[in-house]
Amino acid sequence: MRISVIGCGYLGAVHAVCMADIGHDVVGLDVDDLRVASLAAGVAPFHEPGLPEMLSRNVAAGRLRFTTDATLIADADLHFIAVGTPQLEGQLGADMRYVSAALDTVLAHAEDRPADRPAVVVGKSTVPVGTAQALAERIAADGNNLILAWNPEFLREGYAVDDTLHPDRIVYGLPVDIPAGTAARKLLDECYAPQVAAGTPVVVANYATAELVKVAANSFLATKISFINSMAELCDATGGDVTRLAEAIGYDDRIGAKFLQAGIGFGGGCLPKDIRAFMARAQELGVDEALTFLREVDAINLRRRHHAVQLAESAVGGSLEGRNIAVLGITFKPDTDDLRDSPALDIADQLLGRGAHVVVVDPAAGAELRRRRPDLDVADTVTEAVTGADVVMVLTPWKEYVELDPAALLSLVATPTIIDGRNVLDPHRWHDAGWNYHGMGRGVST
Ligand code: UGA
């Protein structure tokens, strides 16, 4: 099939590469020259395990092109819209201007097709519910032979290739008009033929449901994380250990063990902005009460960052002024170089704001951080970062930090205090090696 992907950011680039790997003929379109040049040269512009090999292989095979020239999307059977919907500056809602511009591009450049061979515009971006209906009306008013479908994406950074090629489920939001819906489904099934053949559940729904599935899933995940973080607060107040608590409740398969890792909370380009945009949309719809709990989810999450700073403060006996703090891991989670809404970066900023001298080290984001934040001291190695530290904070659970040898670091630091912002270290191992260990909701510190 011929496929266009409009928007080659994280979601779009991964989708384009995976669709080419399935065997489709794919054109990725973006307005960013540098990004397009990098992708066209077979070089991934961000860190994602498995992507570079697949990108260069498919570009070399001629199945995958990247361009800024919108005329090249003309003959696509499916036009995927994968542009960003970032949080509006100073507001809770999402900025929809890129989605709107992407549809303008498709309407301006998609070829006229015969009645028996429609093309499908497939929305993948995370949007406020109601967007698809409005876009469908614009398409209908344009009078071409295009059908709109909504096909949300559930990939996680760090696992993006595998999540795209082996999804838990596929969701199609289709028009209620039955012939158009049937035609769109046929093309989507053809596009996802390997996944459909592998038995991936396909959930077919109307536009609003498909849009809601995406934000409902992210809201549920965010709620699960804030739930366990609220239990961490209770554990800190009572001497309980939230990691044991999570293990115990997680054995109940109605609850499930995943996404119960307490710590400094969630960040990234999706969960925080999605729950805020969902609340904003609920307010517009006059049903804000239905989502007031998400306000609490957000508040618990932000409180975790503050709590980590307070832990550092009390570990040094009151004031952080002039204290050396080593921050290990700055991305919002491991196996990505993404710094969007990173809890670790926020904590580093709060420490700086209290007069601490902060040295940051990260396996993937060091260079980008140096470029963006010349005020931060960025080290190349853990040894460099922790030398002379009054407090060491593990804020992103990269494998190499989880596996650190406490005995080897002991002689480098000024004071052997470790704050485990993700509860990934073994408290007894660190304690036995001579460290003061502080977890997040693991009861009494050792
Ligand atoms: C999230 C969803 O998991 C994906 O399903 C969704 O497709 C994606 O957003 C999106 O909307 O595009 P992602 O942002 O890559 O994916 O990150 P997650 O793996 O969900 O982690 C989000 C944050 O929660 C990270 O900061 C992580 O450290 C934190 N987290 C996760 C916890 O604090 N505790 C946990 O138990 C799990």
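Just checking, does region 400-420 include any residue being among the charged types (D, E, K, R), part of a helix (DSSP H, G or I) and surrounded by fewer than 19 Cβ atoms within 10 Å (Cβ to Cβ)? Spell out how you get there, then give the answer.
The first filter runs over region 400-420 and keeps only residues among the charged types (D, E, K, R), leaving 400, 403, 405, 420.
Pick out the ones that are also part of a helix (DSSP H, G or I) and you get 400.
Those left that are additionally surrounded by fewer than 19 Cβ atoms within 10 Å (Cβ to Cβ): 400.
Scanning region 400-420 turns up at least one residue that is among the charged types (D, E, K, R), part of a helix (DSSP H, G or I) and surrounded by fewer than 19 Cβ atoms within 10 Å (Cβ to Cβ).
What's the number of the condition G84 fails, among (1) farther than 25 Å from A364 by Cα; (2) at pLDDT below 95?
Just one mismatch for G84, condition (1).
Of the residues V444, V392, which single one is at pLDDT below 95, hydrophobic (A, V, I, L, M, F, W, C) and either part of a strand (DSSP E or B) or not assigned by TED's automatic domain parsing to the domain that holds V242 (or both)?
From the options V444, V392, the qualifying one is V444.
Return the pairs, sorted by first residue and then second, in which the second residue is assigned to a loop (DSSP other than H, G, I, E, B) and within 6 Å of the ligand (Cβ to nearest atom), the first residue lies in region 154-165 and is more than 19 Å from Y192 (Cα to Cα), the beta carbons are less than 8 Å apart, and the residues are 6+ apart or on different chains.
Every condition considered, the pairs that remain are E157/G268; E157/K333; G158/K333.
Within region 326-338, is even one residue among the polar types (S, T, N, Q), in contact with a Gly (Cβ under 8 Å, 6 or more places away or on another chain) and within 13 Å of the ligand (Cβ to nearest atom)? Spell out how you get there, then give the answer.
Taking region 326-338 and keeping what is among the polar types (S, T, N, Q), we get 331, 336.
So of that shortlist, the ones also in contact with a Gly (Cβ under 8 Å, 6 or more places away or on another chain) come out as 336.
When the remaining residues are screened for being within 13 Å of the ligand (Cβ to nearest atom), the result is 336.
Yes; the residues of region 326-338 include at least one that is among the polar types (S, T, N, Q), in contact with a Gly (Cβ under 8 Å, 6 or more places away or on another chain) and within 13 Å of the ligand (Cβ to nearest atom).
Restricting to region 279-302, name every residue that is farther than 17 Å from Q87 by Cα and of a type in the set (D, E, K, R).
D288, E289, E296
Which residue pairs have Cβ atoms under 6 Å apart, sit 6 or more places apart or on different chains, and have a first residue in region 400-411 that is in the same structural domain as D432 (by TED's automatic domain parsing) and a second that is aliphatic (A, V, I, L, M) and assigned to a loop (DSSP other than H, G, I, E, B)?
Cβ pairs passing all conditions: V402/V424; P406/A433; A407/A433.
Say whether the condition of being under 20 Å from the mean Cα position of the chain (by Cα) and more than 30 Å from A132 (Cα to Cα) is met by at least one residue in region 284-295. Don't jump to the end; show me each part of the working.
Here is the first cut: in region 284-295, the ones under 20 Å from the mean Cα position of the chain (by Cα) are 294-295.
The next check asks that each one be more than 30 Å from A132 (Cα to Cα); those that pass are none.
No: region 284-295 contains no residue that is under 20 Å from the mean Cα position of the chain (by Cα) and more than 30 Å from A132 (Cα to Cα).
Go through region 174-226 and give me each residue that's of a type in the set (F, W, Y) and either in contact with an Asp or Glu (Cβ under 9 Å, 6 or more places away or on another chain) or surrounded by fewer than 17 Cβ atoms within 10 Å (Cβ to Cβ) (or both). Steps first, answer last, please.
So in region 174-226, the residues of a type in the set (F, W, Y) come out as 192, 207, 220.
Within region 174-226, just F220 meets the criteria.
So for region 193-212 (the condition being within 13 Å of the ligand (Cβ to nearest atom) and more than 27 Å from G84 (Cβ to Cβ)), does at least one residue qualify?
Taking every residue of region 193-212 in turn, none turns out to be within 13 Å of the ligand (Cβ to nearest atom) and more than 27 Å from G84 (Cβ to Cβ).
Within region 95-116, identify whether any single residue is part of a strand (DSSP E or B) and crowded, with 16+ Cβ neighbours inside 10 Å, and answer yes or no.
Step one: list which residues in region 95-116 are part of a strand (DSSP E or B), which gives none.
Scanning region 95-116 turns up no residue that is part of a strand (DSSP E or B) and crowded, with 16+ Cβ neighbours inside 10 Å.
The values are calculated or read from the model by the stated rules, or taken from the named source; none is laboratory data. These numbers come from a predicted model, not from an experiment. FYI the Cβ positions are ideal-geometry reconstructions off the backbone, even for glycines, and counts take in every protein chain you see.
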